[in-house]
Amino acid sequence: MVGDSKSLTSPHNKEVVIDTAAVPSQTMQRYIHESLRDVLRADVDITDVQNIHARWRISHCDDCMMMRLLIDGDSPSSMRRTSEHLAQESDLYCQIFRVERGLVEIRQQNRSVTLAENQFALLVTHTPYETRRAVGFADIHSVRIPLRLLSSRMNNPEDYALKPFAVRSGIEAITFEFMSTLVERMQKAPVAAWPVLTNQLADLLSLTLIGMKEDLPSGESVVRTVALDRIKNFIEAQLTQVDLNPGVIAAANGLSRRYLHRLFEETGQSVGDYIRGQRLASARRALESPLHAGSSVADIAYAHGFRSAAHFSKSYRDEFGEPPRVTRAALWHRLETDRKHRRPDSE
């Protein structure tokens, strides 16, 4: 469809076809944003709209979104998904990009990957990202699928993030043929078939990634370990802050709250449980330390982010099986014993 966008909507799906061929250049940027608004939360930037032609086809079905972008011209272009865009989504997603023609760079935090013809890559929407197309023609296929669908079929799909893989003649060729067909034909399938097709796509994508495991650098899970260690160090440095919570932690570490919770789920402990455990452990060390002998139990509770001494006492008893005053009494007993041992014989 030339110079216009077409939408087919129901409570479950939306299809949009956008063609900029007959759109005046002075209104093209606004036209693109308004056309994409209901199906793709993103900022699209084109350096020189007079020298570019683009055609999007987007199929949005249930929790999945499939897109094909044909774009040509002497002007570079980019698409940014900010933290504000991602905050409006109810789930974590894997975004898979396959470049059939052209050259595309994907950036996320301090990592990037450049995809050439017949390559693909995956990223997880836990932090903002940007895709940049070089000057010239590009044919880009993309699918967004809930991370949970892949995680239920394979271990840690995020380990494969921002790695360039070649589309070879094996299962990956079948996967991307199927993905391309869904972009063009999904809306013609019966609504009852969409969940089945989505699950088939998840099956194929997981098989494709598993097949790429030999191309994955060893120790890739170190990325998650380093992220978790950084977060834990941040928490331990902020234990005195009463308002320390997942939102504060995620924002300070450049992550979404959903991904923060996912990292801790893999440890078998929630973010809140970890914060509480670290606060209690630090408070116990203070109660046992002569350096804090002049601080009351209440002082130590407040200094470790507890809003009330009563809440601290209950949490402390639940964690250590004794009230904090008993721990503090043991310190006084130890100090008195040490004092007597140091007393000169003449006394």
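Data overview
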{"quantity": "Out of T131, T181, T175, sole residue that is polar (S, T, N, Q), under 23 Å from L40 (Cβ atoms) and surrounded by fewer than 18 Cβ atoms within 10 Å (Cβ to Cβ)", "calculated": "T181"}
{"quantity": "Residue that is farthest from P324 (Cα to Cα), among those in region 284-295 that are touching a helix residue (DSSP H, G or I) at 6+ places or on another chain (Cβ under 8 Å) and either surrounded by fewer than 17 Cβ atoms within 10 Å (Cβ to Cβ) or modelled with pLDDT of 90 or more (or both)", "calculated": "P290"}
{"quantity": "Residue match in region 162-176 (condition: free of Cβ contacts under 8 Å to residues at least 40 places away in the same chain, aliphatic (A, V, I, L, M), in the same structural domain as I96 (by TED's automatic domain parsing) and part of a helix (DSSP H, G or I))", "calculated": "yes"}
{"quantity": "Subset of region 68-96 [under 11 Å from the mean Cα position of the chain (by Cα), assigned to a loop (DSSP other than H, G, I, E, B) and loosely packed, with under 15 Cβ neighbours inside 10 Å]", "calculated": "D91"}
{"quantity": "Lone qualifier among S25, S77 - being among the hydroxyl-bearing types (S, T, Y) and either more than 14 Å from R132 (Cβ to Cβ) or not assigned by TED's automatic domain parsing to the domain that holds V167 (or both)", "calculated": "S25"}
{"quantity": "Per-region count, region 134-165, residues in contact with a strand residue (DSSP E or B) (Cβ under 7 Å, 6 or more places away or on another chain), buried (at least 19 other Cβ atoms within 10 Å of the Cβ) and of a type in the set (A, V, I, L, M, F, W, C)", "calculated": "8"}
{"quantity": "Which numbered condition E84 fails, given (1) modelled with pLDDT under 90; (2) under 24 Å from N156 (Cβ atoms)", "calculated": "(2)"}
{"quantity": "Residue match in region 47-60 (condition: at pLDDT below 85 and closer than 23 Å to L260 by Cβ)", "calculated": "no"}
{"quantity": "Pick from region 227-253, criterion of a type in the set (G, A, S) and crowded, with 17+ Cβ neighbours inside 10 Å, ranking: modelled with the highest pLDDT", "calculated": "A250"}
{"quantity": "Verdict on R307 being part of a helix (DSSP H, G or I) and either surrounded by 19 or more Cβ atoms within 10 Å (Cβ to Cβ) or not assigned by TED's automatic domain parsing to the domain that holds D91 (or both)", "calculated": "no"}
{"quantity": "Those strands (runs of 3 or more DSSP E) lying entirely in region 11-64 with at least 3 residues in contact (Cβ under 8 Å) with a residue 24 or more places away in the chain and more than 25 Å from the chain's Cα centre (by Cα)", "calculated": "13-19, 52-61"}
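For (1) surrounded by 16 or more Cβ atoms within 10 Å (Cβ to Cβ); (2) not charged (D, E, K, R), each residue gets a yes or a no:
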residue: L255; (1), (2): yes, yes
residue: V297; (1), (2): yes, yes
residue: R325; (1), (2): no, no
residue: A329; (1), (2): no, yes
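The values are calculated or read from the model by the stated rules, or taken from the named source; none is laboratory data. As the structure is a computational prediction, the values presented were derived from the model and not from experiment. Cβ: placed from backbone, ideal geometry, glycine included. Neighbour counts: every protein chain shown.
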